[in-house]
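Single-structure report; data block below.
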């Protein structure tokens, strides 16, 4: 009886573990499908409220061309849908105290994925973009789960940004992988711990490089100093 109970308990644990694994796999697939459905979307942050004057699509199509330059687009981009994120602001006119609060983000869906890519590239090339003294920025439109997975790498990216390393490039590639390029070599990380271990090794290597530079500089300085002494001695002897 006791053996039968133990077997039943073990089977129950195995079933629970298998079900948990299946649920996690299904959740990943659903999240992947959600993000793929957003692949032609962009999120615009910082656009002042009421700037669109009731027609967000028409406003964005004209504003994007004017701001980013028509030369970046073979054809004017077509936006299928666009809306503010969050509930509408009712009963407040432009310029009121409520309308000057932090503006809601805008989500836009392009008819062509290529136009979305062109907007991102043109915005990066242009740099800072302002509308009525408000800085606006374009971001990919991602699910909340994927944003959390990417945010894990924020401390590592912040520390990488604090170091001046020639040839250092880094960024997030889909879905949530940190890509770091140093001296022409590419390194990818799917976990924060792996990225932190690499960063620690990189810092150690940088310290070693600085120490070697100091040694080389000291040797060169000493060599030049001795050369000056010998040269001065020859002049006295002559």
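Bear in mind these aren't lab numbers, they're just calculated from the coordinates by the rules spelled out. Because the structure is a prediction, the values reported are computed rather than measured. No Cβ is skipped: glycine too gets one built from the backbone with ideal geometry, and neighbour counts run over all protein chains shown.
Expressed as a whole percent, how much of the Cα-Cα distance distribution for region 41-141 exceeds 24 Å? Walk me through the intermediate numbers first.
Details: 944 of 5050 pairs.
Summing the P(r) tail past 24 Å for region 41-141 gives 19 percent.
Spin-label point model (7 Å from Cα, Cβ direction): what's the residue 29 to residue 166 distance in nm?
5.1
What is the order of 191, 22, fewest Cβ neighbours within 10 Å to most?
22, 191
Within region 132-165, find all residues whose amide N lies under 17 Å from a label point positioned 7 Å from the Cα of residue 204 along Cα-to-beta-carbon.
Counting only backbone N, you get no residues.
Simple spin-label model, 7 Å along Cα-to-Cβ: residue 132 to residue 66 in nm?
Placing both labels 7 Å beyond Cα along the Cβ direction yields 1.3 nm.
Please compute the modelled spin-label separation between residue 154 and residue 39, points set 7 Å along Cα→Cβ, answer in nm with one decimal.
The two pseudo-label positions are separated by 2.8 nm.
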